Amino acid sequence: MARVLHIVGAGMAGSEAAWQAAEMGVPVVLHEMRPRVETFAHRTGLFAEMVCSNSFRSDDDERNAVGLLHWEMRAAGGLLMEMAAAHRLPAGGALAVDRDAFAESVTARLREHPLVSVSEEEVTTLPSDGDWIVATGPLTSSALAESIRAVTGAASLAFFDAIAPIVHADSIDMSVAWRQSRYDKGETEDERTAYINCPMNRAQYEAFIDALLAAEKTVFHEGETAGYFDGCLPIEVMAERGRETLRHGPMKPVGLTNAHDPQEKAYAVVQLRRDNKLGTLYNIVGFQTKMKYGAQTAVFRTIPGLQNASFARLGGIHRNTFLNSPTLLDAQMRLKLRPNIRFAGQVTGVEGYVESAAMGLLAGRMAAAEILGRELPPPPPETAMGALVTHITGGAEAKTFQPMNVNFGLFPPIDAKGGRRGRKDRYKAYTDRAKAAFAEWLGA
Ligand SMILES: Cc1cc2nc3c(=O)[nH]c(=O)nc-3n(C[C@H](O)[C@H](O)[C@H](O)COP(=O)(O)OP(=O)(O)OC[C@H]3O[C@@H](n4cnc5c(N)ncnc54)[C@H](O)[C@@H]3O)c2cc1C
């Protein structure tokens with residue numbers, strides 16, 4: 001009997017994975033719990049339902065990393081991009097769709113596929129044999145989440161995203177900031193300089209606290225935050241508890257000497273920690289926040305050294321089940337502890353419809369290739385899909401791993417030797433390089 005691929009979850013990732021595997025000739029059983037078991041965000045029993053915005057973001061495949069991911073998915077015969085094109089709505093440079101028509105057409109195409117069958121049930125335990133892809137998303141059902149936890153260990157599955165903002169390293173003003181770990185801790189020079197420090201004097205700190213308190217905040221959806229606040233407080237909540245709280249918490253100035261002016265004692269220090277092996281991204285330590293995006297950019301750019309900061313992603317807090325993929329998954333997206341299971345989509349620690357669908361596309365192809373007795377290497381890291389999968393399967397720092405959108409900071413740098421291209425030209429160089437590498441990977 002032909003080997004069957006089981007896919008759990010018919011969201012963005014599971015739908016695309018099922019399509020890719022079936023198109024490669026592998027029979028698929030797609031297990032989807034809706035509409036029998038609901039989540040707090042989905043409204044229908046349709047596959048690939050967009051739970052919030054109806055946009056797949058920028059469609060600019062020359063100068064935008066998400067647009068490049070669109071291009072790669074189209075090149076790979078992606079079902080979601082084909083259906084998005086069929087139900088596109090006018091939205092400037094963004095790829096926005098009629099969400100119901102889009103989800104209906106994805107559902108119909110999969111249900112009609114001769115190699116796809118659908119099982120309308122909740123999968124409650126992590127299977128120990130057979131070929132599986134788990135693509136159950138940020139709202140993975142509790143029973144399955146518990147089972148994943150039991151197999152992988154309590155610390156390896158998170159239930160909330162408490163994201164600190166991530167800054168592109170080359171946008172930090174190093175004539176103000178300096179590299180140093182607190183108390184120069186670390187065995188190697190690399191560790192002793194693992195942090196970037198931004199100093200504040202008293203007036204700057206007071207103004208920063210005022211701005212935090214005044215900033216517009218996101219209001220939580222009921223049920224999204226239960227139990228959250230024991231873990232990890234948003235900075236504005238810390239500031240509400242007392243004006244000095246942050247100065248005694250993530251912004252404490254101790255154990256640091258200003259490299260530009262060793263006599264100058266900072267009143268508070270904002271620290272950024274390296275976020276990827278390439279050293280192109282830094283997260284602001286302890287700065288998880290509920291501030292709205294516009295407010296975040298304005299408030300964080302008041303930090304000395306970050307006045308021109310460009311953000312790879314802004315902070316946020318919401319319900320999100322995701323694995324510590326850098327420690328748990330191999331380069332083939334397989335669970336190291338149970339290699340018969342792959343993970344795909346947002347549960348692997350990517351963020352967004354497009355990124356999730358792209359990781360579904362890859363997992364579907366890799367699983368189908370394995371079933372067919374072939375091995376499919378991951379796409380090279382110069383491509384958008386390759387950069388993302390490299391990040392989640394080992395490129396990201398496991399200790400601080402947080403869900404990630406695709407962005408050029410994940411790609412091997414292009415102007416490493418200090419070339420002086422404008423940002424737009426640099427992005428075009430990234431996408432040109434990616435397209436050539438992706439076409440070669442597809443043809444191999
Ligand atoms: C409230 C909310 C708002 C969001 N807004 C946006 C946005 O505006 N833009 C954006 O890009 N991203 C947004 N996201 C992130 C978005 O969820 C993901 O980008 C995307 O949907 C993830 O794709 P996925 O396939 O990994 O998960 P999903 O699309 O959520 O699909 C997972 C599927 O698995 C099913 N499932 C779960 N557990 C089981 C089980 N045990 N057995 C069987 N089936 C199961 C679910 O019913 C679901 O159909 C939002 C997320 C949330 C929670």
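The values are calculated or read from the model by the stated rules, or taken from the named source; none is laboratory data. Only a predicted model underlies this, so the values are computations on that prediction, with no experimental measurement involved. A quick note on method: Cβ atoms are made from the backbone with ideal geometry, for glycine too, and the neighbour counts reach across all protein chains shown.
Summary of computed values
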read-out	value
Where a residue in region 293-322 is under 27 Å from residue 259 (Cβ atoms) and its partner, wherever it lies, is surrounded by fewer than 17 Cβ atoms within 10 Å (Cβ to Cβ) and of a type in the set (A, V, I, L, M, F, W, C), with Cβ under 7 Å and at least six apart	302/207; 304/176; 305/176
Residue 216 being surrounded by fewer than 17 Cβ atoms within 10 Å (Cβ to Cβ), in contact with a helix residue (DSSP H, G or I) (Cβ under 8 Å, 6 or more places away or on another chain) and either within 19 Å of residue 292 (Cβ to Cβ) or at pLDDT below 95 (or both)	yes
Where residue 244 falls short, out of the listed (1) farther than 14 Å from residue 177 by Cβ; (2) at pLDDT below 95	(2)
Residue match in region 379-386 (condition: under 18 Å from the mean Cα position of the chain (by Cα) and at positive phi)	no
Subset tally (residues that are closer than 29 Å to residue 374 by Cα, surrounded by fewer than 24 Cβ atoms within 10 Å (Cβ to Cβ) and either near the ligand (Cβ under 8 Å from one of its atoms) or not assigned by TED's automatic domain parsing to the domain that holds residue 102 (or both)) for region 15-36	1
Residue 434 surrounded by 21 or more Cβ atoms within 10 Å (Cβ to Cβ), modelled with pLDDT of 95 or more, not basic (Lys, Arg) and not in a strand (DSSP E or B)	yes
Scan of region 97-121 for residues that are surrounded by 15 or more Cβ atoms within 10 Å (Cβ to Cβ) and in contact with a Lys or Arg (Cβ under 7 Å, 6 or more places away or on another chain), ordered by number	97, 118
Subset tally (residues that are surrounded by fewer than 22 Cβ atoms within 10 Å (Cβ to Cβ) and within 11 Å of the ligand (Cβ to nearest atom)) for region 51-64	5
In region 65-89, residue farthest from the ligand (Cβ to nearest atom) [restricted to those that are part of a loop (DSSP other than H, G, I, E, B) and out of contact with any Lys or Arg (no Cβ under 8 Å at 6 or more places or on another chain)]	77
Residue under evaluation residue 39, criteria (1) at pLDDT 95 or above; (2) within 12 Å of the ligand (Cβ to nearest atom); (3) not charged (D, E, K, R), criterion not met	(1)
Subset of region 252-273 (residues that are in a loop (DSSP other than H, G, I, E, B) and either touching a residue at least 40 places away in the same chain (Cβ under 8 Å) or within 32 Å of the chain's Cα centre (by Cα) (or both))	252, 253, 254, 255, 256, 257, 258, 259, 260, 264, 266, 267
Conditions (1) more than 10 Å from the chain's Cα centre (by Cα); (2) within 16 Å of the ligand (Cβ to nearest atom); number of the one not met by residue 371	(2)
Considering residues of region 137-185 that are more than 16 Å from the ligand (Cβ to nearest atom) and of a type in the set (Lys, Arg) only, the residue surrounded by the most Cβ atoms within 10 Å (Cβ to Cβ)	182
Checking residue 238 against (1) modelled with pLDDT under 95; (2) within 30 Å of residue 64 (Cβ to Cβ), the condition it does not meet	(2)
